[in-house]
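**Q** Would you mind keeping the following structure in view while I ask a few things?
Taken together, the values in this text are just the output of simple stated rules run on the coordinates, not laboratory data. The structure displayed is predicted, hence computed values, not measured ones. Reconstructed Cβ throughout: ideal geometry from the backbone, glycine too, with neighbour counts over all protein chains shown.
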Amino acid sequence: MKKMIVSLACIASVMGSLGVITAQAQEKPAAQAKDLVAYYSYTGNTEHAAKALAEVIQADLLKIEDVTRPTKDEAYTAGKDAAKQGKSWPVKPFNKDVSAYDRIFVGCPVWFGMPTPAFNAFVEQVDFKGKQVIVFVTLGGGSHAGAIKAMTAKIEAKGGKVVSSFFVRTKVATKDSIIGKTKEIAAQYVPAAPKLP
């Protein structure tokens, strides 16, 4: 037995000195794309949708907040005018570096057929150059088309590429139905698992 151990030690020593060393290659997994869901919500419906979306696609969240939250009357007067004219109003500074994300989802409610002034403020402050963007809206009634078109134009003017859009109707919806519908839609945006060799 002692002879066998000495023999094995000698063989290992010779192989090491000759450079015959085996190493197992460790392949690093491909870096997973980082997703961000940025959203503005006035009544809470868009927030329900944004959080459900972020949960399904495993994204970070960024809540766009008004510096001073408008009253319902202000939202229906000054907010209506600003939305229809594509104007913005002050929002709080963001707590995320948007440039660190590969794919950005941006959502807001539809106000009088257009995106909200807070959405407009967000887009004015972000460089979307080279980013894939998915826009989404929540709405009680009417059409989503004008808002999606305006959102797409604003983001593409800032260098982003809008690759998709969706909407969630909220008029008679419950929180659970908004979450359920959004999760159903979100499934199409789940990144494919990396293929193993």
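**Q** Which of the pairs LYS92/LYS154; LYS51/LYS131; LYS154/LYS181; LYS84/LYS149; LYS63/LYS131; LYS129/LYS181 have their Cα atoms more than 24 Å apart in this structure?
**A** Details: LYS92/LYS154 20 Å; LYS51/LYS131 21 Å; LYS154/LYS181 27 Å; LYS84/LYS149 13 Å; LYS63/LYS131 19 Å; LYS129/LYS181 30 Å.
From the list (LYS92/LYS154; LYS51/LYS131; LYS154/LYS181; LYS84/LYS149; LYS63/LYS131; LYS129/LYS181), the Cα-Cα distance tops 24 Å for LYS154/LYS181; LYS129/LYS181.
**Q** Follow-up question, since we're still on this one. Taking +1 at the Cβ of each Lys and Arg and -1 at the Cβ of each Asp and Glu, which of THR77, LEU36, ALA121 sits farthest along the dipole of the range 31-189 towards its positive end, judged by Cα position relative to the Cα centre?
**A** So the residue we want is THR77.
**Q** Enumerate the amide H contacts of VAL162 below 5 Å, restricted to partners 5 or more residues apart or on another chain; note that Pro and chain-start residues carry no placed amide H.
**A** VAL133
**Q** A further question follows. Mind putting a number on the dipole of the range 31-189 about its Cα centre? Charges go on the C-beta only, +1 for Lys and Arg and -1 for Asp and Glu, and I need it in Debye to the nearest 20. Before the final figure, lay out the partial values.
**A** Working: 22 positive and 16 negative charges, 56 e Å.
Charge dipole of the range 31-189: 260 debye, to the nearest 20.
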